[in-house]
Amino acid sequence: MLLARPRGFCAGVVRAIGIVERALELNGGPVYVRHEIVHNAHVVAELEAKGAVFVEDLDDIPDGAPTVFSAHGVTRAVEDEAAARGLPVIDATCPFVAKVHAQGRHYVDAGRTLVLIGHAGHQEVIGTVGQVDGPVHIVGSLADVAALALPDDTPIAYVTQTTLSVDDTRTIIAALEARFPDCVGPETSDICYATQNRQMAVRDLAARASLILVVGADNSSNSRRLVEIAKECGAEAYLVADGAAVDPAWLTDARTIGVTAGASAPEILVTDVLGTLARYAHVTLTELDGTPESLKFNLPAALRTLPQDAAQTVETALVAAE
Ligand code: SF4
């Protein structure tokens, strides 16, 4: 059995979960989190058990309650609503997502029409669209590019959803550049490293294994993409939430099994899947070499600077930081 590397949590997910945990430490709970902090039911359930309350709407948050925005980011309308209500907000938007917001605003301020390469309806895409003053055209396929209702001489700029890799977006960017001669976009070095690394790792895995299990949630865009890539590489591949989701029938003809995990899936669920597999066969586990990752994001200053046992609430901390 082969284990992909890197797999699982990225720096943005570690930071977002750390923000909720630290807010709970400081406040004692409840801490309200708008939307799943990351797309994984196990992570959400663990934080709920510690006192986090997940809501989709700010109306469900009592006045004055500590409020965390999820790693996917939010619209300006949500930020404004929270500010108007005086909610003490801790923003867990991944810094890479925040960078996409800034890029989008920069391009629109420069007079360009913005195209967002991503999946309509995804939480991050909703947030990015709502962070830009002006129309944002969402494209997820070559057909979407062809159907864009814009004159070909429109000065455009593109940004991309972070859970898409360079490989995912390459053909769409090429189609935009072919159709719109005045087309600019961010440097490829600006993209999220984690998505690209996990996709390279699953390709490596699929070259060696006939069956790939991707640990991740149904609503995790990057996890589902790992399954698609494994299939494109010729492997049989399934998304599994945990060990209980493994169907023993998949294992019958598998010569070599590969296991990886999406960026929002905790390692404990990978261990759970490996435990299930070990019940069906004697397994020898080899972890593949992969791209080393060392990036860490700091917690927001208001959470970082307080001592662990501070009697202050998060609200007080945030006011002090202003
Ligand atoms: Fe941030 Fe990338 Fe992780 Fe998304 S996948 S949370 S952009 S580090």
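The values are calculated or read from the model by the stated rules, or taken from the named source; none is laboratory data. The structure presented is a predicted model; accordingly, all values stated were derived computationally and were not measured. Positions of Cβ are backbone-derived with ideal geometry, glycine not excepted, and every protein chain shown enters the neighbour counts. Only protein heavy atoms, including side chains, enter the accessible area calculation; ligands, DNA and RNA are left aside. Shrake-Rupley method; radii C 1.70, N 1.55, O 1.52, S 1.80 Å.
Fully extending the segment from Ser141 to Arg179, taken as 0.36 nm per residue of separation minus the present Cα-Cα distance, adds 12.3 nm. On the principal axes of its alpha-carbon atoms, region 253-298 has extents of 43, 20, 15 Å, going from largest to smallest.
Placing +1 on the Cβ of every Lys and Arg and -1 on the Cβ of every Asp and Glu, with no other charges, gives region 194-247 a dipole of roughly 220 debye about its Cα centre.
Which residue, Val125, Leu164, Ala82, has the largest displacement toward the positive end of the dipole of region 69-211 when charges sit on each Cβ (Lys, Arg +1; Asp, Glu -1)? Result: Leu164. Across region 40-153, the volume of the C-alpha convex hull divided among the residues equals 125 Å³ per residue.
Among the GluC sites (Glu not before Pro) in region 190-249, none sits in a DSSP loop with a Cβ that has at most 11 other Cβ atoms within 10 Å. Per residue, the solvent-accessible area of region 65-198 (1.4 Å probe, heavy atoms of protein chains only, all protein chains present) comes to 40 Å². Both the radius of gyration and Dmax for region 187-240 are 11.3, 35 Å, in that order, over alpha-carbon atoms.
In the chain, taking the dipole from charged Cβ atoms about the Cα centre, the farthest positive-side position among Gly28, Ile229, His101 is held by Ile229. All alpha carbon pair distances within region 176-267 were sorted into 10 Å bins beginning at 0; the resulting P(r) in whole percents reads 17, 41, 24, 12, 5, 0. For the chain, the 222 nm mean residue ellipticity estimated from helices alone, with every DSSP H stretch of n ≥ 4 adding -39500 (n - 2.57) and the total spread over all residues, rounds to -12000 deg cm²/dmol. Calculated FRET efficiency, Ala278 and Asn219, Cβ-Cβ r, R0 30 Å, to nearest 0.05? For R0 = 30 Å, the calculated efficiency reads 0.60. Loop-only check: which GluC sites (Glu not before Pro) in region 124-188 are DSSP coil with at most 10 other Cβ within 10 angstrom? Answer in residue order: Glu187. The GluC sites (Glu not before Pro) of region 1-96 meeting both criteria, a DSSP state outside H, G, I, E and B (loop) and at most 14 other C-beta atoms within 10 angstrom of the site's C-beta, are Glu56. Ordering Gly275, Ala241, Pro292 by the projection of their Cα atoms onto the charge dipole of region 213-304, which places +1 on the Cβ of Lys and Arg and -1 on the Cβ of Asp and Glu, puts Pro292 at the extreme positive end. Treating only the Cα positions of region 31-88 as identical point scatterers, give the base-10 log of I(q)/I(0) from the Debye formula at each q in 0.17, 0.19, 0.27, 0.30 Å⁻¹. Each listed q maps to, in turn, -0.51, -0.63, -1.14, -1.32.
The charge dipole of the chain, taken about the Cα centre with unit charges on the Cβ atoms of Lys, Arg (+1) and Asp, Glu (-1), comes to about 820 debye, rounded to the nearest 20. What you get for region 9-121, charging only the Cβ of Lys and Arg (+1) and of Asp and Glu (-1), is a dipole of about 540 debye around the Cα centre. Identify the residues of region 197-214 with backbone N under 20 Å of a label point that sits 7 angstrom from the Cα of Ser294 along the Cα-to-Cβ direction, or state none. Label zone hits: 197-198. With θ taken as phi - 60° and the Karplus curve 6.51 cos²θ - 1.76 cosθ + 1.60 applied, the whole-hertz 3J(HN,Hα) list for region 14-23 is 4, 5, 4, 5, x, 5, 5, 4, 5, 4 Hz, x standing for glycine and proline. Against the compact-protein benchmark of 2.2 N^0.38 Å, the Cα-based radius of gyration of region 89-225 scales to 1.11. Between Gly104, Gly262, Gly64, the GNM of the chain built on Cα springs shorter than 10 angstrom shows Gly64 fluctuating the most.
Scaling against 2.2 N^0.38 Å puts the C-alpha radius of gyration of the chain at 1.06. In region 1-61, the alpha-carbon atoms span a convex hull of 94 Å³ per residue.
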